[in-house]
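Peer 1: Can you keep this structure in mind? I'll have questions shortly.
The values are calculated or read from the model by the stated rules, or taken from the named source; none is laboratory data. Quantities reported herein were computed from a predicted structural model and do not represent experimental measurements. Please note: Cβ atoms are built from the backbone with ideal geometry, for glycine as well, and neighbour counts cover all protein chains shown. Accessible surface is based on the protein model in full, side chains and every heavy atom, while ligands, DNA and RNA are left aside. Shrake-Rupley method; radii C 1.70, N 1.55, O 1.52, S 1.80 Å.
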Amino acid sequence: KMSSGAADLRQRKKQNCTESDKMAPDERNKENSKLGRSPKYMLIQRFAKLFFGCLAAVTSGMMYAVYLSTYHERKFWFSSRQELEREITFQGDSAIYYSFYKELLKAPSFERGVYELTHNNKTISLKTINAVQQMTLYPELIASVLYQASGSEEVIEPVYFYIGIVFGLQGIYVTALFVTSWVMSGTWLAGMLTVAWFIINRTDTTRIDYSIPSRENWALPYFACQVAALTGYLKKNLNCSAEKFCYLLVNASTYTFMMMWEYSHYLLFVQAVSLFLLDSFALAQTEKVHEVYKIYLFSLVLGYLLQFENSALLVSPLLSLVAALMLSKCFQMNMKKSTFVSRLLKIMYIYLVLTVAVTLNFLLKMFIPHKENEHLLKFIEVKLGLNTTKNFTMNWLLCQESLQAPSQDFFLRLTQSSLLPFYILVLIICLFSVTQVIFRRIRGEPLKETVKLEDGRIGERPEIVYHVIHTILLGCLAMCLEGMKYLWTPYVCMLAAFGVCSPELWMTLFKWLRLKAVHPILLALILSMAVPTIIGFSLWKEFFPRIMTELTELQEFYDPDTVELMTWIKRQAPVAAVFAGSPQLMGVIKLCTGWMVSSLPLYNDDDLLKRNENIYQIYSKRSAEDIYKILTSYKASFLVIEDSICNEVGPVRGCRVKDLLDIANGHVVCEEGDNYAYSKYGRFCHEIKMNYSPYVNYFTRVYWNRSYFVYRINTVISFQS
């Protein structure tokens, strides 16, 4: 029966678009005539609702972008800083991304700039890299083209143009979430509440405060647009023009998202799993779901070709899953004539797809040479307790806050803003309704072509079911890794806002409660307006003063020691100098001075990971000779030691850089349950400051301030006392 219901859905899907478009106005006219309304009146009403909704969505996005720009100015005093002081605000990997943007603008032509990036040998010593492929520099390519093509050189400084694009994309991000909630609930009041919750919980919805050029800040707005378009595409009874528009937008945004972020295919894999479960229970039109699968395949193939034959896309779980789904569905369709076999295949469908996907992924990894993201798999093994390691890089990653389980403060913040309680309420109602629908489908009951308000069956709407599954999967990831909250929390805002503003959700609840004292439809309509209004006023009263305080307070961000270090390097260091130190500092040195460095804060390349670990040995208990050999093997000519790392007093003992190095080097001795670091050599970063042999034979101090000590690595070693 379930398979016959799916066949009915497919048959209905095959109706001609023109016919459905003709039927829709006739049905609306009949309904309007019953209510005593003219078609012209209804057309004006619909146009006004659409106009003001779009105006509210665009205004929300623009105001959020202006808010981010104002907050950034207040935090860093950007307009009153010199160029060097501005660039220092870009830390770690952000500094590297922006440095390549600067190099593109300095190149004599765009073509020459791209060539120098794809054959880059001026960033990392003894290493030529394709920076565009390895660091996913497509956002910088686009930004540099727009800056030069728009003639902005005489109007705005490059740094303002760059961060302005990122802030603008965040505005699009918020607008897309607004539209998604609006499409699901039917009222743009849900969109306003989504934006309010997103901004109030900004600490947990975006990393824009900490790392403006990070890849996810460029990519996630496109994913939000894709989700908004997919939401509309999955809706029932969508007219032909709207369906085509949504389909094209899903196409464009999926491909763009994949080009902007190297880990995008993992997030699309989670989305594909959601669609797979949606289709497995015949809760959506199969043809639409398979059209989305084709979009994934197209984006993967095109991304592989344009990303310099990126093998990571070929061995990605997304490709294996989509290929398995297409193969399994073909097999199922070929066997549909036999009723017994069809039912058997329907029961075994999930098992079949998973088996084929895992097998296909295993075969692809066997025959396609790849090194990308191997460290990610090793990290997952250690994180899940399947393996243990003393490796410095793995343990350092495990100690990062973003890779820990979320703290209680995270849930407390979501609860204080009332987001978490309403999300749980909406999720429970939707989940129970979806469960009811699944049992009806198993019994062979067909889905209703049109779900009316009085039906109280919100779980029969495919776009709702998709979002319920999607947020649950993202939530499971967020419960394991705190960094995943930036993917989950925005859609928590959207789903919670949709729920409290949706009369259908309240009607579904009242159907279960069997209310008789009050007319359930009337009460559902009242609550869908009253509840979000009350939430909005309470949020305004409590959080609006805090937001205004953020914008009016002048914050001081100034790092004179780093400014002095960069100034000294630019004035005193030879042009051919190569600097060695912590990867995070090397990124800033590369951006602010342009000098070559020996390592970078990148974690997708095995060679760079090994370099980082080796150069971090300057904070270990190794001999001067060992450190000298390591540094000269990378042709380093200057060494920068950071006092903050050397004398680090971390909140978690065992997660400091020097502790991790002692563990990796076997310099830790366990006695009566306590760990002690032991080595016949003192800690290098301490000993070198003492200026005694043999350290002075290998290294000569040339500059220091309160935070940094710079040593020239001697090319001629003297052992005279």
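Peer 1: What distance in nm separates the simple spin-label points at ILE526 and LEU327, each placed 7 Å from Cα in the Cβ direction?
Peer 2: 5.8
Peer 1: Separate question: In angstroms, what radius of gyration and Dmax does the stretch 560-713 have, counting Cα atoms only?
Peer 2: Using the Cα atoms of the stretch 560-713, the pair Rg, Dmax is 15.5, 53 Å.
Peer 1: Of THR203, TYR466, SER99, which is farthest on the positive side of the dipole of the chain, counting Cα position, with +1 on Lys and Arg Cβ, -1 on Asp and Glu Cβ, and the Cα centre as origin?
Peer 2: The residue sitting most towards the positive pole is TYR466.
Peer 1: Please pull out the direction-averaged projected area of the stretch 51-165, using the convex hull of its alpha-carbon atoms, in nm² to one decimal place.
Peer 2: Convex hull of Cα atoms, orientation-averaged projection: 9.3 nm².
Peer 1: Give the accessible surface of the stretch 560-713 per residue, rounded to a whole number of Å², with probe radius 1.4 Å and ligands, DNA and RNA excluded.
Peer 2: 43
Peer 1: For the chain, with the dipole built from +1 on Lys and Arg beta-carbon atoms and -1 on Asp and Glu ones, taken about the Cα centre, which of SER125, LEU268, GLY61 lies farthest toward the positive end?
Peer 2: LEU268
Peer 1: Oh, and also: How much net charge surrounds GLU87 when only the other residues with a Cβ under 11 Å from the Cβ of GLU87 are counted, with Lys and Arg +1 and Asp and Glu -1?
Peer 2: Computed value for this residue: +2.
Peer 1: While we're looking at this one, here's another question. Using protein chains only and a probe of 1.4 angstrom, how many square angstrom of PHE245 are accessible, to the nearest 10?
Peer 2: 130
Peer 1: What is the spin-label model distance, in nm, from ILE142 to LEU297 if the labels are put 7 Å beyond Cα along the C-beta direction?
Peer 2: 2.6
Peer 1: Another question, then. Grab the beta carbon distance between ILE428 and ASN691, set R0 = 60 Å, and tell me the FRET efficiency rounded to 0.05.
Peer 2: 0.35
Peer 1: Right, something else. Going down the list LYS288/LYS365; LYS122/LYS378; LYS127/LYS629; LYS378/LYS621; LYS235/LYS485, which pairs span over 20 Å between their C-alpha atoms?
Peer 2: Values: LYS288/LYS365 30 Å; LYS122/LYS378 31 Å; LYS127/LYS629 18 Å; LYS378/LYS621 27 Å; LYS235/LYS485 27 Å.
Violating the 20 Å Cα-Cα cut-off are LYS288/LYS365; LYS122/LYS378; LYS378/LYS621; LYS235/LYS485.
Peer 1: Is it possible to state the helix-based mean residue ellipticity at 222 nm for the chain, with each DSSP H run of 4+ residues giving -39500 (n - 2.57), the sum divided by total residues, to the nearest 500 deg cm²/dmol? What is it?
Peer 2: My calculation for the chain gives -21500 deg cm²/dmol from helical runs alone.
Peer 1: Given a Förster distance of 22 angstrom, what is the FRET efficiency for PHE367 paired with THR389, based on the Cβ-Cβ distance and rounded to 0.05?
Peer 2: 0.20
Peer 1: Based on Cβ point charges of +1 for Lys and Arg and -1 for Asp and Glu, what charge dipole magnitude is obtained for the chain about its Cα centre, in debye rounded to the nearest 20?
Peer 2: Working: 72 positive and 62 negative charges, 519 e Å.
My answer is approximately 2500 debye.
Peer 1: Something else about it: Kindly report the accessible area of the stretch 51-165 per residue (heavy atoms of protein chains, probe 1.4 Å, no ligands, DNA or RNA), in Å². Please report the intermediate quantities before stating the final value.
Peer 2: Numbers: 5230 Å² over 115 residues.
Per residue, the stretch 51-165 has an accessible area of 46 Å².
Peer 1: Full-extension gain between PHE47 and GLU287, please, as 0.36 nm times their residue separation minus the C-alpha to C-alpha distance.
Peer 2: 83.3 nm
Peer 1: Could you check the simple spin-label distance between CYS54 and PHE110, using points 7 Å along Cα→Cβ, in nm with one decimal?
Peer 2: 2.9
Peer 1: Could I ask something else about it? Stretch ARG443-LEU126 to full length: gain in nm at 0.36 nm per residue minus the Cα-Cα span? Intermediate results must be reported in sequence, preceding the final value.
Peer 2: Numbers: separation 317, 0.36 × 317 = 114.12 nm, distance 6.66 nm.
Full-extension gain reported as 107.5 nm.
Peer 1: Using 0.36 nm times the number of residues separating CYS480 and ILE547, minus their current alpha carbon distance, what extension gain do you get? Present the calculation step by step, with values, prior to reporting the outcome.
Peer 2: Working: separation 67, 0.36 × 67 = 24.12 nm, distance 3.01 nm.
That pair, CYS480 and ILE547, stretches by 21.1 nm at full extension.
Peer 1: Over all directions, what mean area does the Cα convex hull of the stretch 133-174 project, stated in square nanometres?
Peer 2: One quarter of the hull surface, i.e. the mean projection, equals 3.4 nm².
Peer 1: What part of the accessible area of the chain, given as a whole %, is carbon or sulfur when the probe is 1.4 angstrom? List each step's numbers first, then the result.
Peer 2: On the way: 21040 of 33920 Å².
The C+S portion of the solvent-accessible surface of the chain is 62 percent.
Peer 1: Turning to a different aspect of this structure: Can you work out the FRET efficiency for the pair THR203 and VAL649, with r the C-beta to C-beta distance and R0 = 35 Å, to the nearest 0.05? Could the numbers behind the result be given before it?
Peer 2: Details: r = 25 Å, r/R0 = 0.72.
For R0 = 35 Å, the calculated efficiency reads 0.90.
Peer 1: Which whole-percent values make up P(r) of the chain when all C-alpha to C-alpha distances are grouped in 10 Å steps starting at zero?
Peer 2: Whole-percent P(r) values from 0 Å outward: 2, 12, 21, 23, 19, 12, 6, 3, 1, 0, 0.
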